1. Out of everything in region 89-112 that is hydrophobic (A, V, I, L, M, F, W, C) and farther than 13 Å from N55 by Cβ, what residue ends up being surrounded by the fewest Cβ atoms within 10 Å (Cβ to Cβ)?
2. What is the residue count in region 146-171 for residues that are buried (at least 20 other Cβ atoms within 10 Å of the Cβ) and either among the small types (G, A, S) or within 21 Å of S240 (Cα to Cα) (or both)?
3. Scan region 174-192 residue by residue and report those that are closer than 19 Å to M27 by Cα and among the hydroxyl-bearing types (S, T, Y).
4. Scanning region 194-207 for residues that are free of Cβ contacts under 8 Å to residues at least 24 places away in the same chain and crowded, with 16+ Cβ neighbours inside 10 Å, which turns out nearest to E32 (Cα to Cα)?
5. Do we find that I52 is touching an Asp or Glu at 6+ places or on another chain (Cβ under 6 Å), within 26 Å of T267 (Cα to Cα) and not aromatic (F, W, Y) in this structure?
6. Would you pick out the residues in region 229-251 that are in a loop (DSSP other than H, G, I, E, B), β-branched (V, I, T) and without any contact (Cβ under 8 Å) to a residue 60 or more places away in the chain?
7. Can you name the residue in region 208-218 that is among the polar types (S, T, N, Q) and in contact with a strand residue (DSSP E or B) (Cβ under 9 Å, 6 or more places away or on another chain) and is also surrounded by the fewest Cβ atoms within 10 Å (Cβ to Cβ) among such residues?
8. Taking only pairs six or more apart or across chains, which ones have beta-carbon atoms under 6 Å, a first residue in region 166-193 that is over 19 Å from A23 (Cα atoms), and a second residue that is within 13 Å of the ligand (Cβ to nearest atom) and part of a helix (DSSP H, G or I)?
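Please treat every number below as a calculation from the coordinates, not as lab data. What you see is a predicted model, and the numbers here were worked out from it, not measured in a lab. Neighbour counts are summed over all protein chains in view; Cβ atoms, including those assigned to glycine, are modelled from backbone coordinates with ideal geometry.
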Amino acid sequence: MKVCTTIADSRRALMGCNHPIGAILTMGALHEGHLALVRQARKECPTVVASIYVNPMQFDDQADLAIYPRDIQKDIRMLRDEGVDIVFTPIDSEMYPKEFGMWVEPGKVAGRLEGEHRPGHFRGVCTIVLKLFNTFHPDRSYFGQKDAQQLMVIRRMVEELALGIDIIAVPTVREHDGLALSSRNMNLSHAERQAAPVLYRALCLAKEFAMRGQGNTAHVREAMRECIAKEALATVDYVSIADAETLEELTAIDRPAVASLAVTIGTTRLIDNVLLAKAG
Ligand code: AMP
């Protein structure tokens, strides 16, 4: 596995590689969720490239950026063990050289949920993802369903800016108690870790309501909030039942929908989601 720290190096390493090239973009502190993306890419692509970069421009809160977990040497070992061909680990000045001023301004779907609660988040995400795509020129890129809105925003960007890359969604990897794997879980204390599965419990409630055909979303959101309120360490940021295509809030589950939420457990903000099928 070649470890590259500059765009020029990565391009050189990719020269003459067999296609399709599969790319996995991460912020490091890797776990089995990231590895699910890598493994799917490894199965489907003769060349697999991964990036590890904690993108400061997608953090609206500097304190959150400062405590984001990092362990680059361990990450590199994990990617090597999975048979990744090239890993790109740039420093900030490589991605945002002096005078950097060119941004991708994402549309409507980025304005809701995470976009509403973390201003500028998806502008930062789209800008860095486009730059990484332009570095690797992948044929395919693998994204987790765990970050459902990010997946939607990236799909839109690829379509609207005609990037010609297949965006492949990979199901969320969870712990045995339902907690979605996340680098941020490392920041949870023991008591917070015990509390954290409440996110998935609330999402499962939404699933049950949808399956039973009880599609009044006001009731569903209320039930989810009540479920989370029972957990003393949890504070709801938002609870949403939205159209799976547009992320517009729904009044009834009468089409493919996504239940999503953001909950702060202690001081750690976690997000999760499940897809909801209409009953019958
Ligand atoms: P991150 O390092 O958090 O930016 O995540 C990098 C990629 O891994 C994104 O496409 C995420 O959606 C994906 N990912 C993170 N956690 C999980 C998980 N538990 N299951 C599946 N994919 C995940």
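1. To start, the set of residues in region 89-112 that are hydrophobic (A, V, I, L, M, F, W, C) comprises 91, 95, 100, 102-104, 109-110.
Within this subset, residues satisfying the condition of being farther than 13 Å from N55 by Cβ are 102, 109-110.
Working: M102: 8, V109: 20, A110: 25.
My answer is M102.
2. 8
3. Once the filter is applied, which keeps residues that are closer than 19 Å to M27 by Cα and among the hydroxyl-bearing types (S, T, Y), region 174-192 yields S182, S183.
4. Looking at residues that are free of Cβ contacts under 8 Å to residues at least 24 places away in the same chain and crowded, with 16+ Cβ neighbours inside 10 Å, I get P197.
5. yes
6. First, the residues of region 229-251 that are in a loop (DSSP other than H, G, I, E, B): 230-233, 244-248, 250-251.
Next cut, β-branched (V, I, T) only: 246, 251.
Within region 229-251, just T251 meets the criteria.
7. Residues of region 208-218 among the polar types (S, T, N, Q): 214, 216-217.
Within this subset, residues satisfying the condition of being in contact with a strand residue (DSSP E or B) (Cβ under 9 Å, 6 or more places away or on another chain) are 216-217.
Numbers: N216: 14, T217: 24.
This residue is N216.
8. G178/Y200; A180/K146; L181/E32; L181/G33
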